[in-house]
Amino acid sequence: MASLLLIDDHPLVEVALEAACLNAPIPLQLYAATDEAQARQLLQQHNIDLIVLDIGLPDSDGLELLRRLRARDPHCPVLIYSAQQSRHTLLSAVSFGAAGYVVKSQSMAQLLSAILAVLGGQQAFPPLPERIALPLTEKEQQIVALLVRGLSNLQIGEQLHISNKTVSTHKKNIMEKTGVHSVVELAELWKAQQ
């Protein structure tokens, strides 16, 4: 019997997955946690074969939780089950070591199929979403290209012959337009677009 740990704060997901597990071609035992603390407790108490993780948890950054789970036990695969379906999120999940990614708009049968694939040693990722052109001006694109190379605001200003304050303003606008919160996220998004 394979043991699954569902980490999701929506009770209906647990009910639906439990029902799907009853119809699985192999016996599946489902444990459920609504947050990271509960998940840690269940991971200590049970031998879990697969973690199904919603990265949209209210109390923690789901991608960071994915990274911590993979660091804690690199042999236990993690399947992402999320409403988020951006290219950036999918690529981040891959880079943090997810074994698969299922979007919540898909059917429970598709989630079960992905679970069985991952338990069978395969990966279960959807095709990558089409690239979305970043809504940046030419100057903003120049600044992003220099930021991801590791240049400081002062170095960028010197290279583009603009003030440090202007670089800061452009950087703030870039973050707002792209929805990222750090230069690291911006670098990941920029690389995904190239």
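The peptide list 178-189, 50-61, put in order of mean Cβ contacts within 10 Å with the highest first, becomes 50-61, 178-189. If the chain linking Gln29 and Thr166 were pulled fully straight, counting 0.36 nm for each residue of separation and taking away their Cα-Cα distance, it would gain 43.7 nm. With R₀ fixed at 25 Å, the C-beta to C-beta distance from Ser113 to His10 puts the FRET efficiency at about 0.75.
Can you tell me the FRET efficiency between Ala187 and Glu18 if r is taken as the Cβ-Cβ distance and R0 is 25 Å, rounded to the nearest 0.05? That pair, Ala187 with Glu18, gives E of 0.05.
Rounded to the nearest 20, the size of the Cβ-charge dipole of the range 3-142 about its Cα centre is 380 debye, with Lys and Arg at +1 and Asp and Glu at -1. Average accessible surface for the chain: 53 Å² per residue, computed with a 1.4 Å probe over protein heavy atoms with every protein chain in place. Please give the net charge around Ser152, taking every other residue with its beta carbon less than 15 angstrom from that of Ser152, where Lys and Arg add +1 and Asp and Glu add -1. Here the count lands on +2. Note on the range 10-123: Cα-Cα pairs beyond 25 Å make up 13% of the total pair count. Take every Cα pair under 8 Å whose residues are at least 6 apart in sequence, average their separation, divide by the length of the chain, and the relative contact order is 16 percent.
A dipole drawn for the chain from +1 and -1 charges on Cβ atoms has a positive end, and of Leu53, Thr166, Ala37 the residue lying farthest that way is Thr166.
Once you reduce the range 11-25 and the range 99-124 to the center of their Cα atoms, the two points are 13 Å from each other. When the chain is treated as a GNM with alpha-carbon contacts under 10 Å, the residue of Ala145, Ala114, Ala98 showing the greatest mean-square fluctuation is Ala145.
For the range 101-186, trypsin sites (Lys or Arg not before Pro) meeting the loop criterion (DSSP other than H, G, I, E, B) and having at most 14 other Cβ atoms within 10 Å: Arg131, Arg149. Measuring nothing but protein heavy atoms, the accessible surface of the chain at 1.4 Å probe radius is 54 percent carbon and sulfur. Figure note: Met108, Met1 ranked by solvent-accessible area, largest first, 1.4 Å probe, ligands and nucleic acids not counted: Met1, Met108.
What does the charge count around Pro77 come to, taking other residues whose C-beta lies under 10 Å from its C-beta (Lys +1, Arg +1, Asp -1, Glu -1)? Once all neighbours under 10 Å are counted, the net charge is -1.
The values are calculated or read from the model by the stated rules, or taken from the named source; none is laboratory data. A quick note: this is a predicted structure, and the numbers were derived from the prediction, not measured. FYI the Cβ positions are ideal-geometry reconstructions off the backbone, even for glycines, and counts take in every protein chain you see. Surface accessibility is based on the protein's heavy atoms, side chains included, excluding ligands, DNA and RNA. Shrake-Rupley method; radii C 1.70, N 1.55, O 1.52, S 1.80 Å.
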